[in-house]
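Notes follow the structure.
The values are calculated or read from the model by the stated rules, or taken from the named source; none is laboratory data. Model, not experiment: these values are computed from the prediction. Here the Cβ is made from the backbone with ideal geometry for all residues, glycine too, and neighbour counts use every protein chain on show. The protein model used for the area step is the full one, side chains on, heavy atoms only, and it has no ligands, DNA or RNA in it. Shrake-Rupley method; radii C 1.70, N 1.55, O 1.52, S 1.80 Å.
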Amino acid sequence: MSDISIRYQTGAPQNLEKRFAARAAEMLPSEIRSLFAVASRPEIVSLAGGMPNLSALPMEMIAGVVKELILTNGSEALQYGSGQGHPKLREQICDVMALEGIRANPDDVVVTTGSQQALDLISRIFIDPGDVVLVEAPSYVGALGTFRQYQASVVHVEMDNDGLVPNSLRAAIKSVRATGRKIKFLYLIPNYQNPTGVCLPADRRTEILSICREEEIFVVEDNPYGLLGFDKPSPNAMRAEDSENVIYLGSFSKTIAPGLRVGWALVPQSLKDKLVISSESSILCPSNFTQLTISSYLADQPWRDQIASFCELYKVRRDAMLESLEQHFPAEATWTKPGGGFYVWVNLPAEIDTKALMPKAIVAKVAYVPGSAFYADGLGSWSMRLSYCHPTPERIREGVKALGGVIKQEMSRRGTALT
Ligand code: PMP
């Protein structure tokens, strides 16, 4: 008898759960993760995942960088390194951030295993069970999952087509404080937000910074998409305006490659040591190998041109998606028009539940992420996130057409049912 059947018979998994820490109850698979298996079937057009498109990355050149690194500096690249991250890369990260107006000291940069690890470390430092984290409505599913695992109470703040609404932030702070709960930070993605694609204008950035300073609430600025503006550069980073109250998160996942798993946090000086100690306890140190690969790439290769090629590739796909939405989606649906990044956010008419619609979309060979995945409070059921980053423009058109058909069919089915 196999192990699995014994466990099933004795009900061990349930017993095991009783032995877990309370926080393990919040370790649930994300909706996106469970969709991946279906969405990655070759016959399905996946508008679901947000995987960067690496077809524009010159693999030969990357192979050359790696080979040269190992041959010339293998003993450092393959050794343990500093818990804070490699000093040379931390300097280069400051040059990258300068493109968005940030003047930073490399000593305030902590390199992490993707910015996802930085989210985890910050949560670990700040969140006690029941503490409030303010987030945009909707927000990045990976951040919601992390906050949930630290047993935070996530409170969404209204967004419009220009991002987080400052007056709604004021109101949310007031109503949370009236319940006596502590607000630990505001988490937001000001550039080409995941999942909506919207970009926060400069004047709102200033206003939000000033509200948070006054209210003594840290701002966690998550900025993986900032350099992926198609039509014009994004406004300066919020951290450029405030070095004391902003924790800035950056990543090479979208500008170079996610498989290298290199991101960073730029933190107010007083937080740096806590972050490094916290990171050392989970990973000892970030990988020297991937840090030095990125360092050599930034030093010797035309990385700005490479980002421009990525932008060109994504812009063509964004245009294909917006054009085909116009052509194939019902007139009653509305959607965002992103100026960069990977995502379009669609609101459907007639209270169509996008989670319930998913099996029909799969039959029509197209996948998306239902809007409720991006809310901690069960909202978003009539919305969906469509990603245009990965499929070819032709496949995007095909997928949007198929999805438009499924939605229209659902609308007419309901119309018929009502009469
Ligand atoms: N923040 C946002 C908004 C993201 O979209 C992602 C990845 N999709 C991450 C953080 C994590 O990225 P990484 O860990 O690869 O840097």
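Here Ser82 meets the list (1) small (Gly, Ala, Ser); (2) open to solvent by 30 Å² or more (accessible area, probe 1.4 Å); (3) under 30 Å from Val316 (Cα atoms) almost entirely, failing just condition (3). The single condition among (1) modelled with pLDDT of 95 or more; (2) open to solvent by 20 Å² or more (accessible area, probe 1.4 Å) that Ala417 does not meet is (1). With respect to the conditions (1) assigned by TED's automatic domain parsing to the domain that holds Leu164; (2) in contact with a helix residue (DSSP H, G or I) (Cβ under 6 Å, 6 or more places away or on another chain), Ser309 lacks only one, and its number is (1).
The residue list Ile122, Ile102, Ile70 contains one member that is open to solvent by 10 Å² or more (accessible area, probe 1.4 Å) and touching a helix residue (DSSP H, G or I) at 6+ places or on another chain (Cβ under 9 Å), which is Ile70.
Leu325 meets each of the listed conditions (1) away from the ligand (no atom under 16 Å from the Cβ); (2) within 29 Å of Tyr388 (Cα to Cα); (3) out of contact with any strand residue (DSSP E or B) (no Cβ under 6 Å at 6 or more places or on another chain) apart from (3).
Among the residues of segment 226-250, those that are open to solvent by 10 Å² or more (accessible area, probe 1.4 Å) and either within 16 Å of the ligand (Cβ to nearest atom) or among the hydrophobic types (A, V, I, L, M, F, W, C) (or both) comprise Leu227, Gly229, Phe230, Ser234, Arg239, Ala240. Pairing residues of segment 181-205 that are under 15 Å from Tyr343 (Cβ atoms) with residues that are open to solvent by less than 10 Å² (accessible area, probe 1.4 Å) and part of a helix (DSSP H, G or I), at Cβ distances under 7 Å and at least 6 apart in sequence or on separate chains, gives Pro190/Arg205; Pro190/Met238; Pro195/Phe374.
When you check Arg41 against the structure, is it modelled with pLDDT under 95 and more than 16 Å from the ligand (Cβ to nearest atom), yes or no?
Working: modelled with pLDDT under 95: yes; more than 16 Å from the ligand (Cβ to nearest atom): yes.
Judged against the criteria, Arg41 is a match.
Of all residues in segment 326-357, those that are open to solvent by less than 20 Å² (accessible area, probe 1.4 Å), of a type in the set (A, V, I, L, M, F, W, C) and over 24 Å from Cys199 (Cα atoms) total 2. Scanning segment 10-20 for residues that are surrounded by 10 or more Cβ atoms within 10 Å (Cβ to Cβ) and at pLDDT 85 or above returns Leu16, Glu17, Phe20. Here Leu209 fulfils each of the conditions (1) away from the ligand (no atom under 16 Å from the Cβ); (2) in contact with an Asp or Glu (Cβ under 6 Å, 6 or more places away or on another chain); (3) closer than 29 Å to Val369 by Cα apart from (3). More than 19 Å from Leu322 (Cα to Cα), charged (D, E, K, R) and not assigned by TED's automatic domain parsing to the domain that holds Val157: is that true of Glu398 in this structure? Taking the combined requirement at face value, the residue does not satisfy it.
Return yes when Asp131 is touching a Leu at 6+ places or on another chain (Cβ under 9 Å) and surrounded by fewer than 20 Cβ atoms within 10 Å (Cβ to Cβ) and no when it is not.
Values: touching a Leu at 6+ places or on another chain (Cβ under 9 Å): no; surrounded by fewer than 20 Cβ atoms within 10 Å (Cβ to Cβ): yes.
The answer is no for Asp131.
Residues that are in contact (Cβ under 8 Å) with a residue 60 or more places away in the chain and of a type outside the set (A, V, I, L, M, F, W, C) are absent from segment 213-220. Does at least one position in segment 301-323 carry a residue that is of a type in the set (Gly, Ala, Ser), over 24 Å from the mean Cα position of the chain (by Cα) and in a helix (DSSP H, G or I)? Within segment 301-323 (the criterion being of a type in the set (Gly, Ala, Ser), over 24 Å from the mean Cα position of the chain (by Cα) and in a helix (DSSP H, G or I)), the answer is no, since none of the residues qualifies. Do we find a residue being part of a helix (DSSP H, G or I) and under 18 Å from the mean Cα position of the chain (by Cα) anywhere in segment 336-344? No, every residue in segment 336-344 fails to be part of a helix (DSSP H, G or I) and under 18 Å from the mean Cα position of the chain (by Cα).
Would you point out which residue out of Arg7, Arg23 is in a helix (DSSP H, G or I) and modelled with pLDDT under 65? Please lay out each step first, then the result.
On the way: Arg23 fails: modelled with pLDDT under 65.
Result of the check over Arg7, Arg23: Arg7.
So which residues in segment 373-383 are open to solvent by 20 Å² or more (accessible area, probe 1.4 Å) and either in contact (Cβ under 8 Å) with a residue 12 or more places away in the chain or in contact with a Pro (Cβ under 8 Å, 6 or more places away or on another chain) (or both), if there are any at all? Hits for segment 373-383 are Tyr375, Ala376, Asp377, Leu379, Ser381, Trp382. Filtered by the rule that a residue be buried (at least 22 other Cβ atoms within 10 Å of the Cβ) and closer than 26 Å to Lys315 by Cβ, segment 204-225 gives Arg205, Glu221, Asp222, Asn223, Pro224, Tyr225.
Does Lys184 meet the test of being over 25 Å from Leu47 (Cα atoms) and touching a Phe, Trp or Tyr at 6+ places or on another chain (Cβ under 8 Å)? Criteria met by Lys184. If I filter segment 185-203 for residues that are surrounded by 24 or more Cβ atoms within 10 Å (Cβ to Cβ) and within 16 Å of Val110 (Cα to Cα), do I get at least one hit? Within segment 185-203 (the criterion being surrounded by 24 or more Cβ atoms within 10 Å (Cβ to Cβ) and within 16 Å of Val110 (Cα to Cα)), the answer is no, since none of the residues qualifies.
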